[in-house]
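J.: The structure's right below; bear with me while I get my questions together.
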Amino acid sequence: MSAFLGAFLPPFIVQLVIILLKIAVVIAIGLLHVAYATYWERKVIGHMQVRLGPREVGPFGLLQPIADGVKLFFKEDIIPANADKPLFYLSPVIFFIAAISSLSVIPFFESFVIADINIGLLFLFAMSSLGAYGIVLSGWSSNSKYAFLGGLRSASQVISYEISMGLSLVGVMLMAGSLNLSDIVRAQHQYPTGMFAVPQFIGFFVFVVSAFAETNRLPFDLPEAESELVAGYFTEYSGFRFALFFLGEYTGMIIMSSISSICFLGGWTIPRFVTDLLPFLNYVPGILWFLLKVYCFMFFFYWVRATLPRYRYDQLMAIGWKLLIPLSLLNIVITAIVKIWFRGMA
Amino acid sequence: MISQLFFGYFAAVIIILSLLVVTRKNPVHSVMWMLLMFFHIAGMYLFLNAEFIAAIQVIVYAGAILVLFLFVVLLLNLREELQTNRFIGSWPAGLVIAASLLLSMIAALRSFVPGPSGPYTIALIEKETHTRVLGQVLYTEYLFPFEIASLILLVAIIGAIVLAKKKVRS
């Protein structure tokens, strides 16, 4: 396509058009995934609880997410009387932008990534820490006790678990020797097991638990505990502002699944001993492997939600600070020692 | 030309945002302007090819320290806070000191000589990636100052724990 456009346009504009097209494709497909993640979640949880899930709108209820979106779009937009209006308007936007801009550094398959930057992993951390502002500010600006308590809970939870998540990925950085997400995937393909989840099993465990806490999912969904806090930090939001929080949360889940797929499960590649055994798998496009891993991780999110009860808040903090952070520090020390050991032997 | 425009934009916006931070009546709004200022500082680092520092600026300052500021500010009684004056009575004295500092800096600027450029040129940093170069310099040439800084931080952590810990009755 670049050759076709290059025939009658200067190269600088061709590049711009290609980048804009990539962004449009990623956002469109990403949001479609978010919409159908809600449908899929309701189906999965329905069947796990011996119900059928949505089935009225369209064949098998497939149009349900679209009906939900239309409904949210036409709902009345209610703003509490004493709300801090500028921050009340701003916080869902901050939350959603922080979630969706993380998509820009994720490599979906070989050489398809919007921004191939050297600090990809750090960019993801930066964006996920920015999301905490949307939560705290929405809780504060709503001028409601439920929202405020939910916001405080969520922010302290996100900040605590961000530390363990960052430390759990340091092992991956050490093994790959890079912060660039595409390089991490390529390093994994060179590695004998093909996936860092095998040697980095401690890091993978810490990452998975932290990912659940980061996205406010069960069993760590205390900020949104309905029985105590109505809906947590977005209690006072309605209409499309609520939808932005909802979209941001599901985008966050997809981002977490993508990070685990890229950093621990091999991204768009599959282990080489598998392709040596079954050579025809080489012809399967990489995006399918990537999506398969992301879908499995999303299913795991739903499965845990349908299975486990909620933790108490002090238990949540104790797990984060007393179990996960020491474990991830231990993982860093072990990985570094093993790496130096192997370098000494070679 | 474009690089000078970028620098001018960042410098001007950082100054305006800093003024907004200190003059807002509502402390929560001050914190938000400060967040925007931190992002502009990160942009400035990116512009200097220091991508790692830019990311750390956002993660540490915007993502951790400023969120803790926000926590403290949220727990203040805002109704009282909005009544009090922004500045204490002796602010003209502070202004005089700051202005004289600025003047002496401008006077000193004339005798400014750029230091000799070391082996780390922009081409090398772009080839080796900024993170790797920074790590190598930090852990070889500047290992001793780095360890001293870590020790000072450790002392601060232990001090905070000692202060915060309740006295156990024996």
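J.: What number of residues within the stretch A:291-331 satisfy the criterion of being part of a helix (DSSP H, G or I) and loosely packed, with under 12 Cβ neighbours inside 10 Å?
T.: Counting residues in the stretch A:291-331 that are part of a helix (DSSP H, G or I) and loosely packed, with under 12 Cβ neighbours inside 10 Å gives 3.
J.: Condition check: within 10 Å of chain A (Cβ to nearest Cβ), in contact with a Phe, Trp or Tyr (Cβ under 8 Å, 6 or more places away or on another chain), modelled with pLDDT under 85 and under 30 Å from A:TYR161 (Cβ atoms). Does B:VAL73 satisfy that?
T.: no
Residue-wise test of (1) under 22 Å from A:ALA147 (Cα atoms); (2) surrounded by 14 or more Cβ atoms within 10 Å (Cβ to Cβ).
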site: A:PHE240; (1), (2): yes, yes
site: A:PHE246; (1), (2): yes, yes
site: A:TYR250; (1), (2): yes, yes
site: A:ILE259; (1), (2): no, yes
site: A:LEU265; (1), (2): no, yes
site: A:PRO279; (1), (2): no, no
site: A:TYR283; (1), (2): no, no
site: A:VAL333; (1), (2): no, no
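J.: The conditions are (1) under 30 Å from A:GLY166 (Cα atoms); (2) part of a helix (DSSP H, G or I); (3) more than 15 Å from the chain's Cα centre (by Cα), and B:ASN49 fails exactly one of them. Which is it?
T.: Only one criterion is unmet by B:ASN49, namely (2).
J.: List every residue pair whose Cβ atoms sit under 7 Å apart, with the two residues 6 or more apart in sequence or on different chains, where the first one lies in the stretch A:149-165 and is at the interface with another protein chain (Cβ under 9 Å from one of its Cβ atoms) and the second, anywhere, is among the polar types (S, T, N, Q) and part of a helix (DSSP H, G or I).
T.: Between residues of the stretch A:149-165 that are at the interface with another protein chain (Cβ under 9 Å from one of its Cβ atoms) and residues that are among the polar types (S, T, N, Q) and part of a helix (DSSP H, G or I), the close pairs are A:GLY151/A:SER138; A:GLU162/A:SER128; A:GLU162/A:SER129.
J.: Would you say A:PRO223 is in a helix (DSSP H, G or I) and either β-branched (Val, Ile, Thr) or open to solvent by less than 40 Å² (accessible area, probe 1.4 Å) (or both)?
T.: yes
J.: Check A:ALA126, A:ALA213 and return the single one that is at negative phi, in contact with a helix residue (DSSP H, G or I) (Cβ under 8 Å, 6 or more places away or on another chain) and free of Cβ contacts under 8 Å to residues at least 40 places away in the same chain.
T.: It is A:ALA126.
J.: While we're here: When you scan the stretch A:36-49, do you find a residue that is surrounded by fewer than 15 Cβ atoms within 10 Å (Cβ to Cβ) and outside any helix (DSSP H, G or I), even just one?
T.: Yes, that holds for at least one residue.
J.: Quick check on A:GLY194: is it open to solvent by less than 20 Å² (accessible area, probe 1.4 Å) and assigned to a helix (DSSP H, G or I)?
T.: So A:GLY194 fails the test.
J.: Among the numbered conditions (1) more than 25 Å from A:SER141 (Cβ to Cβ); (2) outside any loop (DSSP other than H, G, I, E, B), tell me where B:PRO119 comes up short.
T.: Single failed check for B:PRO119: (2).
J.: Any residue at all in the stretch A:118-125 that is among the β-branched types (Val, Ile, Thr), open to solvent by less than 50 Å² (accessible area, probe 1.4 Å) and within 12 Å of another protein chain (Cβ to nearest Cβ)?
T.: yes
J.: Does A:SER138 satisfy the criteria of being surrounded by 24 or more Cβ atoms within 10 Å (Cβ to Cβ) and over 30 Å from A:LYS85 (Cα atoms)?
T.: no
J.: Looking at B:ILE97, B:ILE88, which is the one that is among the β-branched types (Val, Ile, Thr) and in a loop (DSSP other than H, G, I, E, B)?
T.: Only one candidate qualifies: B:ILE88.
J.: I would also like to ask the following. Among the residues of the stretch B:1-38, count how many are charged (D, E, K, R) and either part of a helix (DSSP H, G or I) or crowded, with 16+ Cβ neighbours inside 10 Å (or both).
T.: Qualifying residue count, the stretch B:1-38: 1.
J.: Return the pairs, sorted by first residue and then second, in which the second residue is open to solvent by less than 60 Å² (accessible area, probe 1.4 Å), the first residue lies in the stretch A:309-330 and is under 17 Å from A:GLU224 (Cβ atoms), the beta carbons are less than 6 Å apart, and the residues are 6+ apart or on different chains.
T.: A:ARG310/A:PRO219; A:TYR311/A:PRO219; A:TYR313/A:LEU222; A:LEU316/A:PHE220
J.: Specify the residue that is farthest from A:GLY203 (Cα to Cα); the eligible residues are those in the stretch A:166-193 that are of a type in the set (Ser, Thr, Tyr), more than 9 Å from every other protein chain (Cβ to nearest Cβ) and in contact (Cβ under 8 Å) with a residue 24 or more places away in the chain.
T.: Residue satisfying both the conditions and the ranking: A:SER182.
The values are calculated or read from the model by the stated rules, or taken from the named source; none is laboratory data. What you see is a predicted model, and the numbers here were worked out from it, not measured in a lab. For neighbour counting, all protein chains shown are included, and Cβ atoms are generated from backbone atoms with ideal geometry for every residue, glycine included. Each accessible area value is taken on the protein alone, full model and side chains, heavy atoms only, with ligands, DNA and RNA left out. Shrake-Rupley method; radii C 1.70, N 1.55, O 1.52, S 1.80 Å.
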